[in-house]
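Trainee: Have a look at this one.
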Amino acid sequence: MTDPILFWMVCGIAAFFVGSGKGGLPMIAMLSVPVMSMVMSPMLGAALLLPVYLISDVYGIWIYRGSYSKRNLLILIPAAAIGVFLGWLLAEDTDENVVRIVIGVVGLTFLAIRQWSRVAGKTEARPADVPRGAFWGIIAGFTSFVSHAGGPAFQLYVLPQKLPKMMFAGTSTILFAVINWMKVPPYIALGLMHWQDWTVVVVLAPIAIFGAWFGYRMTKLIPQNVFFIIVEIALFVISINLIRVGLAG
């Protein structure tokens, strides 16, 4: 039986991370499910946090209503819908640990390529395109469905475009808000969401909204070059942690 104090402490921290991600710090949001995994399985933690995501999504969409890449969203949202559907179909056969390891390895590979490009002087922006966007959009939808871990796939596709930081953050916030709403029917169908969980959600929602405000303020204050350095460092740390958790089983 989980210690109630530990349970609420972990849930509160996870809710703050969720909100901070919606405010513009997606790398922090990815820490929410790993934190919840301290007191429950990753899939159950993802399901419990989903209503918290949905509530903070409303605030996130409002604050970024004028800062997003329309072309990226038009490419990524339909692709992500396919990824969510595949996650639903394969839910019973998906090994979450294998997914974590693959995401982690891809993230580290991407960072290595980024560093090599800098050393070689190849730092020009790469425009949004349908083939890559469709691929990474599907991956983002699938991994988000499994464990709210769609951030690396989004970053792998969008970071090379060198978008302004507020547009990058807004595109991420709006994309994953749409993905989260897509996940509601399959989560209910799989029996992962329960009405009694809303008692927990009522407590966590204000914490998440405060986190969203905090994340937005921090995103505005951090210089653009520093912001993307933080994104890459966070992607490195998260990738290592995903591989570690996946190997631990």
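The values are calculated or read from the model by the stated rules, or taken from the named source; none is laboratory data. Every value quoted in this text rests on a predicted model; they were computed, and no experiment measured them. Note: ideal-geometry Cβ built from the backbone for every residue, glycine included; neighbour counts use all protein chains shown.
Trainee: List pairs: first in the range 27-55 and within 26 Å of Gly170 (Cβ to Cβ) and in a helix (DSSP H, G or I), second modelled with pLDDT under 70 and of a type in the set (S, T, N, Q), Cβ under 6 Å, 6+ apart or cross-chain?
Mentor: These pairs meet every condition: Val33/Ser147; Ala46/Ser147.
Trainee: Right, something else. Is it true that Ala234 is small (Gly, Ala, Ser), part of a helix (DSSP H, G or I) and at pLDDT below 80?
Mentor: Judged against the criteria, Ala234 is a match.
Trainee: Next up: Out of Ile174, Ile179, Ile188, Ile139, I need the residue that is closer than 28 Å to Ile82 by Cβ, in a helix (DSSP H, G or I) and without any contact (Cβ under 8 Å) to a residue 24 or more places away in the chain. Which one? Can you show your working first?
Mentor: Working: Ile174 fails: without any contact (Cβ under 8 Å) to a residue 24 or more places away in the chain; Ile179 fails: without any contact (Cβ under 8 Å) to a residue 24 or more places away in the chain; Ile139 fails: without any contact (Cβ under 8 Å) to a residue 24 or more places away in the chain.
Checking each option against the conditions leaves just Ile188.
Trainee: Kindly indicate which of Ala149, Ala205 is small (Gly, Ala, Ser) and assigned to a helix (DSSP H, G or I).
Mentor: Ala205
Trainee: Restricted to the range 63-108, and to residues that are at pLDDT below 80, of a type in the set (Val, Ile, Thr) and surrounded by 20 or more Cβ atoms within 10 Å (Cβ to Cβ), which residue is farthest from Arg132 (Cα to Cα)?
Mentor: Among them, the one singled out is Val99.
Trainee: So, one more: Which condition from (1) modelled with pLDDT of 75 or more; (2) under 30 Å from Arg244 (Cα atoms) is the one that Arg126 breaks?
Mentor: Here Arg126 meets the rest and fails (2).
Trainee: Follow-up. Taking the condition within 18 Å of the chain's Cα centre (by Cα), farther than 19 Å from Gly23 by Cα and modelled with pLDDT under 80, does Ser147 pass?
Mentor: yes
Trainee: Identify all residues within the range 180-210 that are in contact with a Phe, Trp or Tyr (Cβ under 8 Å, 6 or more places away or on another chain) and farther than 19 Å from Phe7 by Cα; write none if there are none.
Mentor: Asn180, Lys183, Pro186, Ala189, Leu190, Ile209, Phe210, listed by residue number.
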